[in-house]
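The values are calculated or read from the model by the stated rules, or taken from the named source; none is laboratory data. The shown structure was predicted, so the numbers you read here are calculated from the model rather than taken from an experiment. Here the Cβ is made from the backbone with ideal geometry for all residues, glycine too, and neighbour counts use every protein chain on show. The protein model used for the area step is the full one, side chains on, heavy atoms only, and it has no ligands, DNA or RNA in it. Shrake-Rupley method; radii C 1.70, N 1.55, O 1.52, S 1.80 Å.
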Amino acid sequence: EASKGAFNPGEHYLDIEVTVETPAGVNNDPVVTDFCAAPGYNGLAVFSYVIDMDNDLNTEEDRELYLQVYNFKEHKPYHPTRLTHNDCADTQPQLVRGNGVTRLFWLADDQSIAYVNVTDILRYGLHADGSLKTAEEVRTDTLETDPDFDISYHKVDLRQKSVSDETGSAVTDFTALTDNDGNMYVIWGNGDYAASAGTDGGETNVTREIY
């Protein structure tokens, strides 16, 4: 057994230290529900996670997405960056790298796939405390040296209309892919719900399609 503090070439652990302010007070130990990491490059590791803001897993609309970077050379993480501020569940983050660009995809409210250009955010879009800059701040700071930067997040509604649900049934899961030409692809599962034959009046997921 390795002694405490000895070099360990195997598993290493990283504490996610995020302070969340809620109506009930400050939460210094929020619940992390989803986590993903991109392959390390340039001495950095990029990872993303979802935090349940009130630590109540029975509520989903308060799950927000964070982005963070770990510096292997300095052996320390940078400040966490909160990417979403909304009243819907942001879940299933996926970091995908292609054509020299890392993008973060996630499922927004079981209806849409959202994504951001992580490479541009890390290059241009962060204050020293990890908070996001506005597009106007980036333009001022870069003096238009890279006018094609993109720090906004984009959303595509993937719900498919069905006989049983006129508003479109929920997206259950997805896989995001990119190629070396900068094209992006998404494969997703779409659940179609119908009334349950039981007596409780609930709903049962009876079909699931792949797109």
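Pick from region 45-64 the residues that are surrounded by 15 or more Cβ atoms within 10 Å (Cβ to Cβ) and either charged (D, E, K, R) or over 22 Å from Ala176 (Cα atoms) (or both): which of them is nearest to the chain's Cα centre (by Cα)?
Step one: list which residues in region 45-64 are surrounded by 15 or more Cβ atoms within 10 Å (Cβ to Cβ), which gives 45-55, 60, 62-64.
If we keep only those that are either charged (D, E, K, R) or over 22 Å from Ala176 (Cα atoms) (or both) too, we end up with 52-55, 60, 62-64.
Details: Asp52: 13, Met53: 15, Asp54: 18, Asn55: 18, Glu60: 14, Asp62: 14, Arg63: 10, Glu64: 8 Å.
Top of the filtered list is Glu64.
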Between residues in region 58-83 that are under 17 Å from Glu17 (Cα atoms) and residues that are acidic (Asp, Glu) and part of a strand (DSSP E or B), which pairs lie under 7 Å by C-beta distance while being six or more apart or on different chains?
Arg63/Asp52; Arg63/Asp90; Glu64/Asp90; Leu65/Asp90; Arg82/Glu64
Look through region 92-116, keep the residues that are polar (S, T, N, Q) and open to solvent by 20 Å² or more (accessible area, probe 1.4 Å), and return whichever of them is nearest to Leu177 (Cα to Cα).
Gln94
